[in-house]
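Q: Shown below is the structure under consideration.
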Amino acid sequence: MVDAGVLLVDKPGGMTSHDVVSRARKALGTRKIGHAGTLDPMATGLLILGVEGATRLLTYIVGLDKTYEATIRLGVATDTDDAEGQSTQTTDASAIVDSEITQGITALTGEIEQVPSSVSAIKVGGKRAYDLVRAGEEVALKSRRVTVSRFDLLSMRRVAGAAGEVIDLEVIVECSSGTYIRALARDLGAALGVGGHLTALRRTRIGPFTLAGAAVADALEGAVLRSPTDVAEAVVGRLDVTAEEARDLRQGKRLVGAASRMPQNPTAAVDPDGVLVGIVERRAADVKSAMNMPTEAFR
């Protein structure tokens, strides 16, 4: 029997997130594996997998803030907003001065309205946007409110080419879930009048989890899983409950007057043996289970 747990993986370029899940299923000997937050094939970096019963925790991980390291090229726009697409515009960027780039980045920092890339995985009429685009259909996605809490320019490199100069920007972005770094590249290039796209992307953080200790996708056999209890505590905090309270939560009963003990809402309820009971929420002054975990697998 495979233990339940969470696996951090450093995804290489050229693989889909589903490819990594498939390798993990083979390496760990179970079909019950899911991931929290897709990475495009071009992108590398942190992918979080839930194994067995710990897949239930992915709901609480997928919406966490994220950090990316990226390379944006100004002077070329593509139909996918990244390097995997076809060029749709090439413009000499030599007239763009450094201060204009800084101003453009500042304008895309904070709470912004962002239109996702048309080749995103967002569903339109029950179908993925990228499938509709590949079928030759026009896709117009609605803008969404996202938060870019950090958009820092680390370095800038001007490169002369046959069609004029392009500018490569190395950046770090910290953002809310649902933010598209490809769209930031596109919108920065559009604002500067020269077009832009993403040439490299690496995810380095999801919530409290980083690449430190992440397994390599080519060597998942024997990879160490993080316990559901530790993961849940890191994501939503911890409420220690008595054996009687744990039993009541598992039976769907409320803990009367226990809401004042919760460090945050929701939070993870843990029994005296260190077993993750589940995720609980406040109900006025009481506490009630939002999601229970299978007892036998969660030590």
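Q: What pairs come out if I take residues in region 244-257 that are closer than 13 Å to ARG282 by Cβ and pair them with residues that are part of a loop (DSSP other than H, G, I, E, B) whose C-beta lies under 8 Å away, six or more apart or interchain?
A: Close Cβ pairs satisfying both conditions: LEU255/VAL241; VAL256/ALA285; GLY257/ALA285.
Q: Within the set of pairs 6 or more residues apart or between chains, which connect a residue that is free of Cβ contacts under 8 Å to residues at least 24 places away in the same chain inside region 39-56 to a residue that is surrounded by fewer than 23 Cβ atoms within 10 Å (Cβ to Cβ) and of a type in the set (Gly, Ala, Ser) with Cβ atoms less than 9 Å apart?
A: THR55/GLY34
Q: Can you tell me which residue in region 276-296 is nearest to SER227 (Cα to Cα), limited to those that are among the hydrophobic types (A, V, I, L, M, F, W, C) and assigned to a strand (DSSP E or B)? I'd like the intermediate steps shown before the answer.
A: Pass one, region 276-296, residues among the hydrophobic types (A, V, I, L, M, F, W, C): 276-277, 279-280, 284-285, 287, 290-291, 293.
Right, trim to assigned to a strand (DSSP E or B) and you get 276-277, 279-280, 287, 290-291.
Details: LEU276: 9, VAL277: 13, ILE279: 15, VAL280: 18, VAL287: 24, ALA290: 20, MET291: 17 Å.
It comes out as LEU276.
Q: Search region 58-102 for residues being in a strand (DSSP E or B) and aliphatic (A, V, I, L, M), and hand back the single one that is farthest from GLY164 (Cα to Cα). Don't jump to the end; show me each part of the working.
A: Initial filter on region 58-102 (in a strand (DSSP E or B)): 66-74, 76-78, 82, 87-90.
Adding the requirement that they be aliphatic (A, V, I, L, M) leaves 70, 72, 74, 76-77.
On the way: ALA70: 23, ILE72: 17, LEU74: 11, VAL76: 10, ALA77: 14 Å.
Ranking the candidates gives ALA70 first.
Q: OK, next. Answer yes or no as to whether ALA269 is closer than 23 Å to ASP3 by Cβ, assigned to a strand (DSSP E or B) and not basic (Lys, Arg).
A: Numbers: closer than 23 Å to ASP3 by Cβ: yes; assigned to a strand (DSSP E or B): yes; not basic (Lys, Arg): yes.
Criteria met by ALA269.
Q: Could you say which residue among ALA183, ALA190 is among the hydrophobic types (A, V, I, L, M, F, W, C), over 20 Å from THR44 (Cα atoms) and in a helix (DSSP H, G or I)? Lay out the reasoning, then the answer.
A: Details: ALA183 fails: over 20 Å from THR44 (Cα atoms).
Exactly one of ALA183, ALA190 is among the hydrophobic types (A, V, I, L, M, F, W, C), over 20 Å from THR44 (Cα atoms) and in a helix (DSSP H, G or I), namely ALA190.
Q: Still on this structure: Name the single residue that is surrounded by the most Cβ atoms within 10 Å (Cβ to Cβ) among those in region 36-53 being under 25 Å from GLN264 (Cα atoms) and modelled with pLDDT under 95. Full working, then the answer.
A: Pass one, region 36-53, residues under 25 Å from GLN264 (Cα atoms): 36-37, 48-50, 53.
Now narrow it down to the ones that are modelled with pLDDT under 95: 36-37, 53.
On the way: ALA36: 24, GLY37: 18, GLY53: 19.
Within region 36-53, the match that is surrounded by the most Cβ atoms within 10 Å (Cβ to Cβ) is ALA36.
Q: Is at least one residue of region 250-264 in a helix (DSSP H, G or I), over 26 Å from PHE209 (Cβ atoms) and of a type in the set (Ser, Thr, Tyr)?
A: Scanning region 250-264, I find at least one residue that is in a helix (DSSP H, G or I), over 26 Å from PHE209 (Cβ atoms) and of a type in the set (Ser, Thr, Tyr), so the answer is yes.
Q: Has region 38-45 got any residue that is assigned to a strand (DSSP E or B) and in contact with an Asp or Glu (Cβ under 8 Å, 6 or more places away or on another chain)?
A: The first filter runs over region 38-45 and keeps only residues assigned to a strand (DSSP E or B), leaving 44-45.
Restricting the remaining residues to those that are in contact with an Asp or Glu (Cβ under 8 Å, 6 or more places away or on another chain) gives 44-45.
Yes; the residues of region 38-45 include at least one that is assigned to a strand (DSSP E or B) and in contact with an Asp or Glu (Cβ under 8 Å, 6 or more places away or on another chain).
Q: Working carefully through the options GLU233, GLU244, GLU221, GLU281, find the one that is surrounded by fewer than 20 Cβ atoms within 10 Å (Cβ to Cβ), farther than 30 Å from ARG182 by Cβ, touching a helix residue (DSSP H, G or I) at 6+ places or on another chain (Cβ under 6 Å) and acidic (Asp, Glu).
A: Result: GLU221 is the single residue among GLU233, GLU244, GLU221, GLU281 that is surrounded by fewer than 20 Cβ atoms within 10 Å (Cβ to Cβ), farther than 30 Å from ARG182 by Cβ, touching a helix residue (DSSP H, G or I) at 6+ places or on another chain (Cβ under 6 Å) and acidic (Asp, Glu).
Q: Look at region 145-172 and say how many of its residues are within 15 Å of HIS197 (Cα to Cα) and either surrounded by 16 or more Cβ atoms within 10 Å (Cβ to Cβ) or outside the structural domain of THR91 (by TED's automatic domain parsing) (or both).
A: Adding up the residues that qualify gives 6.
Q: Any chance region 68-86 includes a residue that's farther than 25 Å from GLY196 by Cβ and either crowded, with 23+ Cβ neighbours inside 10 Å or out of contact with any helix residue (DSSP H, G or I) (no Cβ under 8 Å at 6 or more places or on another chain) (or both)? First the steps, then the outcome.
A: Applying the first criterion (farther than 25 Å from GLY196 by Cβ) to region 68-86 yields none.
No, that holds for no residue.
The values are calculated or read from the model by the stated rules, or taken from the named source; none is laboratory data. None of the values given here were measured: they were computed from a predicted structure. With ideal geometry, Cβ positions are generated from the backbone for all residues, glycine too; neighbour counts draw on all protein chains shown.
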